[in-house]
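Comments concern the structure below.
The values are calculated or read from the model by the stated rules, or taken from the named source; none is laboratory data. Only a predicted model underlies this, so the values are computations on that prediction, with no experimental measurement involved. Here the Cβ positions follow ideal geometry from the backbone for every residue, glycine too, while neighbour counts run over all protein chains shown. For accessibility, only protein heavy atoms count, side chains too; no ligands or nucleic acids. Shrake-Rupley method; radii C 1.70, N 1.55, O 1.52, S 1.80 Å.
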Amino acid sequence: MKRVLLILSLVIVLLIVTGIYFVRTSSGFRSIYFVPENSGLIIESKDPFAAWDKIIHSKAWEHYSKNEFFKEIDAEISSYDSLVNSSKILLKLIGKKSVMMAQIPTGKNEYDFVYIIDIGKLAGIKKPEKTIRTILGKNYELTTREYKNWKIIELLDKESSDFYFLSFAKGKLLFSFDPKMLEASLSASESMIIGRDIKFLDVKSEVSHKGLFSIYILHNNFSKFVASLSAEAKENYEMYAKGIAYSGLYFDMDADGLLRFESYSSFSEEITPNYLSVLQDGASNIESANIIPQRIASLAKINFDKGFDYFQNSMKMMGEENYLEYMSNLAQIQKRLKIDLEKNLFSWMDKEIVMLQTQPSNLGRSNEFAVILHAKDSANAVENLDFMWKQIKKSTPIKIKTVDYKGFRIDYIAFPGILKMLFGKAIRKIEKPYFSIINNNVVISNHPQTIKNIVDDYTNNETLANTENFEKFNAQFTRNTAALFYFEPPVLYHNLRDFVTTDTWLSLQKNKKYITCFSQAELQVKESDGMLNMVFLARYKPELEEWIKQFYNTSEITSLFSYVAPVPAIEAKAELEEKDTIPQIIISDFDAKKHEEHYENGQLKYQVELNDGIKHGNFKAFYENGELKIRGSFSDDEPTGKWKYYDEQGNLIKTDKY
């Protein structure tokens, strides 16, 4: 960071000393022509001083500067910020000066930047070394040498023994900390390979000189840098960047704390058709928003025209091996069950698939995950699903069980891995699925409680469609998109506990306020003129810390198979208290014959007998010391007969009859 700030100060002083006349104009020779072809990353700003001023004096930076990592550089930034502020009037007169930074390998697994600064006619002054010597004084030793037709100025900082290398060429100041990098940059201006690559120029034309700064990634070269970090980073990056040649993005922010990133990526020729077949434009509004809970942590929505074609094309993108395995699985299922998946499954799917994760409620710390398939007609979806369940029962020993909750049917299919076989890797997270249909939407989850909670929120009108903040935020995007990903970081933060290591979670806790300070974030993806276009928005709102506490306290959610006791038929011996009522019981396995919960010390908390996923049979609850607390029975999920309640000494304190 210190080296970058040194460059900024040098440029400012050069501009001040040489005056407005020399620098008011720019050269017609583009900065990109100086970027060597082995560069992996390029950063560009049309007006770096204005961008600096806007970022450093934003509320978001003020917030993040308190973080331990940023504290280390904040003092340096403040001193250089004073230099920039003292020169603001002159910089305004001088005009916008573009700066470009290109990452170049300097050795095995070693990388650094060359800086290309548009300085206009200043680059043509005679003997610039005299001006620089005057500016820097006796603390620096200056020498010059020739490289091809260019003059390279070498600076030695006598105090630190650091070397700096610069050259003035075609209206640009080239600066580096490695002489070979500077030479490579000068040589690049002769061939101009990157600056003449059509695919790169297509990307650059969409993001150049937009926002505060732009970043370009040359994936073939950048992958080598990522590989130098770790094998895991290399694997993840190659999966993400497969088939992408170049990417460019720009960053901007407004006074209200809205951060915006927009990127464009060009594809390699052989992969383009597969990408475009998956990126099918649809409406940015969510059809299933009227059943998605307000207590959302994150969701992903994917648009498609035909479900069967979409899943085939998405598997093709995973590679030929995955695609052939997927098609083989579908063929086996159809042959074994005597069904037509294109007709019985994919034909009724309409417009979108939504994957969502909600705030943990009565599942404790466990995250609630669900997939929603929008149906053209719910009756048609029910008819086809019933036919598939019938064929599964007829042709296999697999069990299918059904319970009713508030008029909504929940089906359990004891067929591990069935969703991965039907939909590929897109829904592999749900191992043993539970199905329900709510208002033209087929809801699938890994836990019946999640579906029940969705039903509760739907019947109480506590859904995303009734959330004004979401509608306003989503409206800032274009109307059409191929996919969108929406997050609420304060809620998502609480969901991360079971997905990360202990060390990572401790780090997240330490930096909680730097994660939860964004109230909403959304990424939209679509195809634009043969390129991949992504827009990411995030709303900075640090006061949400208080909101999240309130949000969690207002959500009163009961369990799928719990029972609220009616007024008992006989007189109670004591006033109802928490220890005198039937506890909330959540059943997660329709195959289980009994369900148990334990205290942290391992002592049995309660035990209940089950039949087809519902409470049916004897029930016992215990205190932490092992004493009997409650004894009773259920029949078809309802308490029946006498229920007896005891204190911690074993004394009977109440009897209820149902």
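Normalised by 2.2 N^0.38 Å, with N the number of residues, the alpha-carbon radius of gyration of the range 127-174 equals 1.14. Solvent-free Debye calculation, one equal scatterer per alpha-carbon of the range 453-544: log10 I(q)/I(0) at 0.13, 0.14, 0.19, 0.26 Å⁻¹ equals -0.61, -0.70, -1.03, -1.21. In the full protein context, the range 388-513 carries 46 Å² of accessible surface per residue, based on a 1.4 Å probe and ignoring ligands, DNA and RNA. Each Cα pair of the range 126-227 feeds into the Kirkwood radius, which the Stokes-Einstein equation turns, at 37 °C and 0.692 mPa s, into a diffusion coefficient of 203 µm²/s.
Mind jotting down the distance between the C-alpha centroids of the range 160-233 and the range 429-464, whole Å? The distance from the Cα centre of the range 429-464 to that of the range 160-233 comes to 50 Å. Please tell me which of these pairs span more than 29 angstrom C-alpha to C-alpha: Lys316/Lys343; Lys242/Lys472; Lys126/Lys204? Flagged as over cut-off: Lys242/Lys472; Lys126/Lys204.
Calculate the FRET efficiency for Ser228 and His63 from the Cβ-Cβ distance with a Förster distance of 56 Å, rounded to the nearest 0.05. Efficiency at R0 = 56 Å is approximately 0.95. For the range 355-482, the pair-distance distribution built from all alpha carbon pairs, in bins 10 Å wide starting at 0, is 11, 38, 35, 13, 2, 0 percent.
Largest first and in whole Å, the equivalent-ellipsoid semi-axes of the range 425-507 read 24, 22, 15, each the square root of five times a Cα gyration tensor eigenvalue.
Here's how it looks for Lys172: its modeled amide H is under 5 Å from those of Ile119, which are all 5 or more places away or on a different chain. Can you bin the range 391-443 into rounded, prolate or oblate? Criterion: square roots of the alpha carbon gyration tensor eigenvalues sorted a ≥ b ≥ c, rounded for a/c under 1.5, prolate for a/b above b/c, oblate for the rest. Oblate, since a/c reaches 1.5 and b/c is not below a/b. Name the shape class, rounded, prolate or oblate, that the alpha-carbon gyration tensor gives for the range 225-272, where a ≥ b ≥ c are the square roots of its eigenvalues, rounded holds for a/c under 1.5, and otherwise prolate holds if a/b is larger than b/c and oblate otherwise. Oblate is the answer for the range 225-272, as a/c is 1.5 or above yet b/c matches or exceeds a/b. Couplings for the range 147-164, taken from phi via the Karplus curve 6.51 cos²θ - 1.76 cosθ + 1.60 with θ = phi - 60°, read 9, 6, 9, 10, 9, 9, 9, 10, 10, 10, 7, 5, 6, 9, 6, 8, 9, 10 Hz in order; Gly and Pro are left as x.
Computed with the Debye formula from one identical point scatterer per Cα of the range 375-420, without solvent, the log10 of I(q)/I(0) at q = 0.26, 0.27, 0.28 Å⁻¹ comes to -1.11, -1.14, -1.15. Taking 13 Å as the cut-off, the amide N atoms of the range 283-313 that come nearer than this to a point 7 Å along the Cα-to-beta-carbon line of Asn439 belong to 286-294. The fraction of accessible area contributed by carbon and sulfur in the range 168-317 is 53 percent, rounded to a whole number (1.4 Å probe; ligands and nucleic acids excluded).
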